[in-house]
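Worksheet: one structure, shown below.
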Amino acid sequence: LEDIGGPASLTASVTGPIIKPEILGSANLKDVFVKLKNFPHAFEKVSAEALFSHSKVLIQNINGQLAGGPFTGNGEIQIQGIKDFPTNLRLRAENMSLHVPDKIRSTGSAEMTISGRWFPFTISGTYNVSSALVEKELNDEAVALGSTRQSTYLPKILKQNSFEPILLDLQVNLERNAVVKNSLMDGTVKGQLQIRGAPQSPVITGKINIDKNTKLMFKDKTFELLTGNVQFNNPNETAPDLYISAQSRVNEYDINLLVQGPSKAPVIRLTSQPPLPEQEIISLLALGVTSSRLEQNVQAKDQATQTGYEIGAAVISNNPFTKNLQSRLGVNIQISNTFDSTKNISIPKAV
């Protein structure tokens, strides 16, 4: 445990071997605080009654607060020996506000069971989400689980210190549309997920469907979602597989976007109506014009510059100030243009 505190009372008689004692009596907890290592939420204001009957502990009237919501429960613990305490605690929590995993906040109720014989104990059950906000990026660097393994030659004390106290095995039901806001998406999703493993690096499996009113961002342009789903298939990574199709109107073109494949390296295809090559579509999305239209604009600008030079030369040649210089100083000023073939531009020249 990371932290534990609060009043407790115990009345009991203990007999038998110290490694497997028999206990008769009772215990009470009131307003106890329990914090599990690597789990972001504490069990607060925990109260419970325990009855000891030889090698069995009956736990009744469990109540307290978890993640801002109340929970109740009961269960039993058997004393089999050192580090052998078969445990089965059943809990029901209401109106929890969880922040697991990172950058995912959710509110809902859960039916959970805490089971195991020794650390790590497993929290399993069903979590029904009533509302959620997901700010996690879908292309966050995937964390490979099980890529490093403990050496069998490690001292036992080091191996014990590396144990996880709690593992998750939760089915998460998104009963209502959950809000997703990140650099790729602004909208809502719903579906079912299975979350297993340590709370700080869980394995996620399952499927999420994206609502049609969702907005997608690509090259600073907003796309309207047509179809989309997110599938968590790889038990060794948190990066999901994507299938997203969307559409946007840019100038006189309807642009279709298809994103398919793993979120860390998806395949992106762009098509348009009227048809354009993909590079032209990218230019349209990035610059607002196609490359051919941009080239036409540059040529038109060069032509306008050339015409300006010619008009300027005519004005200067017929300017009274210029004629006065010619009559007084014997200097004749002429403006002409030369063409630089290396730079492909017209350069004004004064003689």
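Annotations for the structure displayed:
- Rh by Kirkwood over Cα pairs, then Stokes-Einstein D for segment 169-242 at 1.002 mPa s and 20 °C, µm²/s: 163
- Carbon-plus-sulfur accessible fraction, segment 11-93 (probe radius 1.4 Å, protein heavy atoms only): 57%.
- Among SER272, SER292, the sequence by solvent-accessible area, most first, with a 1.4 Å probe is SER292, SER272.
The values are calculated or read from the model by the stated rules, or taken from the named source; none is laboratory data. Treat the numbers as computed from the prediction; the structure is a model and nothing was measured. Note: areas computed on protein heavy atoms with side chains; ligands, DNA, RNA excluded. Shrake-Rupley method; radii C 1.70, N 1.55, O 1.52, S 1.80 Å.
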